[in-house]
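Asker: The structure under discussion is supplied below as structure tokens; questions concerning it will follow.
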Amino acid sequence: MTRFSDPSRLQSLIEGLDRFTATPGKGTNRFTYSPEFRGASDYLRAQMEAAGLVVREDAVGNLIGRLEGRNPDLAPVMVGSHFDSVPNGGKFDGPAGVVAGIEIASLLKERGLAPERPLEIIAMIEEEGTRFGGGLLASRVLTGAVDMQQFVAFSDDDGITVAQAMEAYGLDPASAHLAVRAPGSIHAFLELHIEQGPVLEAHGDDVAIVDRIVGVGQIRATFRGQAGHAGTTPMNARRDALVGAVSALAQLPDLARAAGDGAVLTVGKMEVRPGAANVIPDLVTFTVDIRAAREEVIRALIDRACSVIERAGGNGVAVEIEEELFIPPAPLDAALHERLSHHAGRLGLKRRTMVSGAAHDAMVMADFAPTGLVFVPSRGGISHAPEEWTDYDQLARGVDVVFLAVCELVSAALPA
Ligand code: GLV
Ligand code: MN
Ligand code: MN
């Protein structure tokens, strides 16, 4: 079987990047614009330069390494993924696709393959939404899918806005809009990602070529009551925000079960304030993340979830609901799917076509440029957890598939 990429080099990049976590030994905690994020960005910059790329940080902190084309005026092919993490996440979710891009640049350089078209390797900010909510922010900024006034005003759990965090990171929020790309300015976008589920491993497949990404909707519910003393306030005189919130929470999973069609609903983040055993909670917020393959199913589920949440208010507890994210299901580019499948076949890999249940920047990019997404197996199907693991040989096979597609897209000679 022909092999191009080097598993040990991929391992060294993944491990090198994983040093930049706020919780060494306890999973990856690397949040956008944090000191660990800066460390990771500096590390990636050095690795990109070593791979022969000219590196710049764009106006919102995406790191972009460029291999100039013989015709620099052509729109570049872009390859990459994100380098932020969920809380106590794994070291592959995001970084696998970033190091794939760096490895592809190294392969082109080593083989003296000069591209006609420029190649840009991108390491993206805030895909997970861990710090500022919503997520997919780099791709939403690049493609003009988020209002830039809103972008700089998003805030984290400590009330620090994107603008303030950018300044602390060394970026000028007044220039954030410069990160937006003009329509037509990206020739194609390719992302490699770990599957984050059990399918490839269960079937003994090497890679999946994704043809569709399920849609995602996220709302945030806020319950406001009145704080009071836990010992002295009679039960019938309370405006307990948590009691209302919990009654809504208990009903939400059944909505997704009833919707069928593979719909899933998750309440993954909840805050109870002031958060003391002897104080009646006056403020509760929680997120609801809803995913399904069909847009109408997501919309209907959001409506039903909103009704349940609204009905759980009353008795002096006020309820507000905000939409944080809505990205419809995204079909990926059919021609790129064909091309990636062809190369996987040429490499003798066992492959399948798959729908992605996880969100990826590729789903936003798909509206902007022809987009392809390649999955490599996740051991035990585990992801968003410190145990997340992909064998480096398997990662290398996925990188090879993307490498061959990149060679064609940038019009470099295909390696033998
Ligand atoms: C990202 O991992 C997501 O699917 O939300
Ligand atoms: Mn993730
Ligand atoms: Mn990811």
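The values are calculated or read from the model by the stated rules, or taken from the named source; none is laboratory data. Since the structure is predicted, the reported quantities are computational estimates derived from the model, not experimental observations. Neighbour counts are summed over all protein chains in view; Cβ atoms, including those assigned to glycine, are modelled from backbone coordinates with ideal geometry. Accessible surface areas use protein heavy atoms only, side chains included; no ligands, DNA or RNA. Shrake-Rupley method; radii C 1.70, N 1.55, O 1.52, S 1.80 Å.
Asker: Is there a residue in the range 20-27 that is open to solvent by less than 10 Å² (accessible area, probe 1.4 Å) and either within 21 Å of ALA188 (Cα to Cα) or touching a helix residue (DSSP H, G or I) at 6+ places or on another chain (Cβ under 8 Å) (or both)?
Answerer: No, that holds for no residue.
Asker: Condition first: farther than 20 Å from LYS109 by Cβ and touching a helix residue (DSSP H, G or I) at 6+ places or on another chain (Cβ under 6 Å). Now tell me which residues in the range 393-408 satisfy that.
Answerer: ASP393
Asker: Show the residue pairs meeting these rules: Cβ distance below 7 Å; 6+ apart or different chains; first residue within the range 150-163 and under 18 Å from GLU271 (Cα atoms) and among the hydrophobic types (A, V, I, L, M, F, W, C); second residue modelled with pLDDT of 95 or more and part of a helix (DSSP H, G or I).
Answerer: Matching pairs, first to second residue: PHE154/VAL162.
Asker: Related question: Evaluate the range 103-118: report whether one residue or more is assigned to a helix (DSSP H, G or I), away from ligand 3 (no atom under 16 Å from the Cβ) and without any contact (Cβ under 8 Å) to a residue 24 or more places away in the chain.
Answerer: Checking the range 103-118: at least one residue is assigned to a helix (DSSP H, G or I), away from ligand 3 (no atom under 16 Å from the Cβ) and without any contact (Cβ under 8 Å) to a residue 24 or more places away in the chain.
Asker: Restricting attention to the range 285-301, and to residues there that are acidic (Asp, Glu) and over 19 Å from GLU271 (Cβ atoms), which single residue is nearest to ligand 3 (Cβ to nearest atom)?
Answerer: Taking the candidates together, the pick is GLU295.
Asker: Report whether or not THR353 is of a type in the set (Val, Ile, Thr) and touching a Phe, Trp or Tyr at 6+ places or on another chain (Cβ under 7 Å).
Answerer: Spelling it out, it is not the case that THR353 is of a type in the set (Val, Ile, Thr) and touching a Phe, Trp or Tyr at 6+ places or on another chain (Cβ under 7 Å).
Asker: Sticking with this one: Among ALA176, ALA138, which is within 18 Å of HIS82 (Cβ to Cβ), of a type outside the set (S, T, N, Q) and within 19 Å of the chain's Cα centre (by Cα)?
Answerer: Only one candidate qualifies: ALA138.
Asker: I've got another one for you. Anything in the range 204-221 that is more than 16 Å from ligand 2 (Cβ to nearest atom) and either open to solvent by 10 Å² or more (accessible area, probe 1.4 Å) or farther than 28 Å from VAL284 by Cβ (or both)? List them, or say none.
Answerer: Selection gives GLY204, ASP205, ASP206, VAL207, ALA208, ILE209, ASP211, ARG212, ARG220.
Asker: While we're on this one: Could you check the range 164-249 for strands (runs of 3 or more DSSP E) lying wholly inside it with 3 or more residues that are among the β-branched types (Val, Ile, Thr)?
Answerer: 207-213, 215-224
Asker: What number of residues in the range 177-197 are more than 16 Å from ligand 2 (Cβ to nearest atom) and touching a residue at least 24 places away in the same chain (Cβ under 8 Å)?
Answerer: Final tally of qualifying residues: 13.
Asker: Considering every residue within the range 35-47, establish whether at least one is part of a loop (DSSP other than H, G, I, E, B), modelled with pLDDT of 95 or more and open to solvent by 40 Å² or more (accessible area, probe 1.4 Å).
Answerer: Within the range 35-47, none of the residues are part of a loop (DSSP other than H, G, I, E, B), modelled with pLDDT of 95 or more and open to solvent by 40 Å² or more (accessible area, probe 1.4 Å).
Asker: Out of the range 16-34, which residues are at pLDDT 95 or above and among the basic types (Lys, Arg)?
Answerer: Passing the criteria: ARG19, ARG30.
Asker: A further question on this structure: For the range 173-194, state whether one or more residues are more than 21 Å from LEU136 (Cβ to Cβ), within 16 Å of ligand 1 (Cβ to nearest atom) and at pLDDT 95 or above.
Answerer: Scanning the range 173-194, I find no residue that is more than 21 Å from LEU136 (Cβ to Cβ), within 16 Å of ligand 1 (Cβ to nearest atom) and at pLDDT 95 or above, so the answer is no.
Here is a yes/no grid of residues against (1) crowded, with 21+ Cβ neighbours inside 10 Å; (2) under 22 Å from GLU110 (Cα atoms):
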residue: GLU320; (1), (2): no, no
residue: ALA335; (1), (2): no, no
residue: PHE375; (1), (2): yes, no
residue: ASP391; (1), (2): no, no
residue: LEU414; (1), (2): no, yes
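Asker: Quick one: which of ARG304, ARG294, ARG257, ARG299 is more than 26 Å from the chain's Cα centre (by Cα) and on the phi < 0 side of the Ramachandran plot?
Answerer: Result: ARG304 is the single residue among ARG304, ARG294, ARG257, ARG299 that is more than 26 Å from the chain's Cα centre (by Cα) and on the phi < 0 side of the Ramachandran plot.
Asker: Something else about it: Checking the structure you have, find out if any residue of the range 81-98 is open to solvent by less than 30 Å² (accessible area, probe 1.4 Å), assigned to a strand (DSSP E or B) and over 25 Å from LEU336 (Cα atoms).
Answerer: Checked the range 81-98: at least one residue is open to solvent by less than 30 Å² (accessible area, probe 1.4 Å), assigned to a strand (DSSP E or B) and over 25 Å from LEU336 (Cα atoms).
Asker: Another question, then. Of the residues SER378, SER356, SER341, SER383, only one is away from ligand 1 (no atom under 16 Å from the Cβ) and either of a type in the set (S, T, N, Q) or at pLDDT below 95 (or both); which?
Answerer: Selected residue: SER341, the only one of SER378, SER356, SER341, SER383 that is away from ligand 1 (no atom under 16 Å from the Cβ) and either of a type in the set (S, T, N, Q) or at pLDDT below 95 (or both).
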